[in-house]
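Data first, discussion second: the structure below is written as structure tokens.
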Amino acid sequence: MGVVSLRLKDRDLERLDELSKLERKDRSTMARELLEHGWEFLMLRYYKEGKLSLEGLAKKLNMSISEAVDLLAELGIEAPIGFEDYLTGFNIFKDK
Amino acid sequence: MEIVFDASTLILLAKIELLREITEEVKAIIPRKVKAECLSKKSIDAILISTLIKEKKIEVKKAGNAKAVNKIQRDFRIEAGEAEALWLARRLNCPIAVDDGPTIKACKVIGQRFATAIHFLLNLASQDRLELSMAIAKLAKLSHYGRYSREIIKDATERLKGGD
């Protein structure tokens with residue numbers, strides 16, 4: 001594990017202390033967990049905005065695509081598939 | 001009909017336990033990278049996909065032309081499995097089954113025909129291969145895992161009930 005020192009705003013330190021008490025974990029553990037949650041949140045947002053593909057999301061979160069699908073379903077994050085895309089999809093069966 | 005499947009649609013259809021029926025309707029093809037991704041960790045859907053590959057209901061093909069696959073990846077900011085599936089579908093001149101936003105965007109740009117998991121469910125129901133009550137139950141499950149918009153689910157429900 002590497003070591004990094006950083007300056008935090010008073011407000012962020014207060015939040016860290018508040019969460020440490022709530023979760024009964026030391027500051028360092030809490031800070032690490034918050035970084036992890038922050039990373040996950042940001043990647044999910046990138047996915048939702050269409051900046052990251054499903055496979056890309058799975059890679060960034062170190063999980064399989066199946067696990068990523070389960071996570072997205074659990075969080076109820078809408079798939080970035082538009083209604084027009086949906087209507088277009090019927091064409092392949094019309095051509096059959 | 002031959003269709004190349006991306007991992008997204010393959011996994012969704014496996015999760016709603018409809019993949020076997022679909023592979024009896026269409027000739028399902030996947031590139032090697034998609035196979036590797038789907039089987040990377042043990043899960044029920046991975047076991048089903050692996051079984052269907054062994055039964056030759058899903059054919060695994062080499063995508064070929066690594067340069068072209070890399071270019072697709074770079075141009076459309078998608079990953080290797082998605083790019084291989086897209087390239088293979090182009091090469092075989094057949095549609096791609098994909099439930100991934102950026103890959104669908106890429107399909108629209110290059111004029112690649114595509115469908116998502118919900119289309120396979122509706123197609124199966126329209127051919128009376130699924131009873132209405134079962135189709136509605138599968139749609140509910142697919143709505144959970146596929147996370148389609150309300151507008152899409154509403155339309156799909158109407159199509160099922162209307163028999164279109």
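The values are calculated or read from the model by the stated rules, or taken from the named source; none is laboratory data. This structure is a prediction, so every number in the text was calculated from the model and none was measured. Counting neighbours? That spans all protein chains shown, and the Cβs are built from the backbone with ideal geometry, glycine included.
Summed over segment B:4-53, residues that are of a type in the set (A, V, I, L, M), facing chain A (nearest Cβ under 9 Å) and touching a Lys or Arg at 6+ places or on another chain (Cβ under 7 Å) total 0. Taken together, B:GLU2, B:GLU21 contain a single residue that is in contact (Cβ under 8 Å) with a residue 60 or more places away in the chain, in contact with a Cys (Cβ under 7 Å, 6 or more places away or on another chain) and either under 16 Å from A:GLU55 (Cα atoms) or of a type outside the set (A, V, I, L, M, F, W, C) (or both), which is B:GLU2. Screening A:HIS37 on (1) in contact with a Leu (Cβ under 9 Å, 6 or more places away or on another chain); (2) over 21 Å from B:ASP6 (Cβ atoms) shows it passes everything except condition (1). Filtering segment A:52-96 to residues that are exposed (fewer than 15 other Cβ atoms within 10 Å of the Cβ), more than 7 Å from chain B (Cβ to nearest Cβ) and over 18 Å from B:TYR145 (Cα atoms) leaves A:ASN62, A:GLU84, A:LEU87, A:LYS94, A:ASP95. Got a sec? Which of A:ALA73, A:ALA79, A:ALA58, A:ALA68 is of a type outside the set (D, E, K, R) and touching a Ser or Thr at 6+ places or on another chain (Cβ under 7 Å)? So the residue among A:ALA73, A:ALA79, A:ALA58, A:ALA68 that is of a type outside the set (D, E, K, R) and touching a Ser or Thr at 6+ places or on another chain (Cβ under 7 Å) is A:ALA58. Among the numbered conditions (1) surrounded by 24 or more Cβ atoms within 10 Å (Cβ to Cβ); (2) of a type in the set (A, V, I, L, M, F, W, C); (3) within 11 Å of another protein chain (Cβ to nearest Cβ), the only one that B:ALA80 does not meet is (1).
The listed residues are A:VAL4, A:VAL69, and the only one of them that is over 30 Å from B:ALA97 (Cβ atoms) and of a type in the set (A, V, I, L, M, F, W, C) turns out to be A:VAL4. Residues in segment B:105-123 that are more than 10 Å from chain A (Cβ to nearest Cβ) and in a helix (DSSP H, G or I): B:VAL109, B:ILE110, B:LEU121.
Residues that are away from chain A (no Cβ under 14 Å) and assigned to a helix (DSSP H, G or I) within segment B:126-160 comprise B:LEU132, B:SER133, B:MET134, B:ALA135, B:ILE136, B:ALA137, B:LYS138, listed in sequence order. Of the helices (runs of 4 or more DSSP H) lying entirely inside segment A:44-96, those containing at least 1 residues that are modelled with pLDDT of 95 or more and farther than 21 Å from B:LYS105 by Cβ span A:65-75.
Checked against the criteria, B:VAL98 counts as under 22 Å from A:LYS48 (Cα atoms) and in contact with a Phe, Trp or Tyr (Cβ under 8 Å, 6 or more places away or on another chain).
Of the residues making up segment B:49-77, just one is buried (at least 18 other Cβ atoms within 10 Å of the Cβ), in contact with a Phe, Trp or Tyr (Cβ under 9 Å, 6 or more places away or on another chain) and farther than 17 Å from B:GLU37 by Cα, namely B:ILE72. Within segment B:91-104, residues that are more than 7 Å from chain A (Cβ to nearest Cβ) reach partners that are modelled with pLDDT under 95 and part of a loop (DSSP other than H, G, I, E, B) with beta carbons closer than 8 Å, at six or more positions or on different chains, in the pairs B:ARG91/B:ALA63; B:ARG91/B:GLY64; B:ARG91/B:ASN65; B:CYS94/B:MET1.
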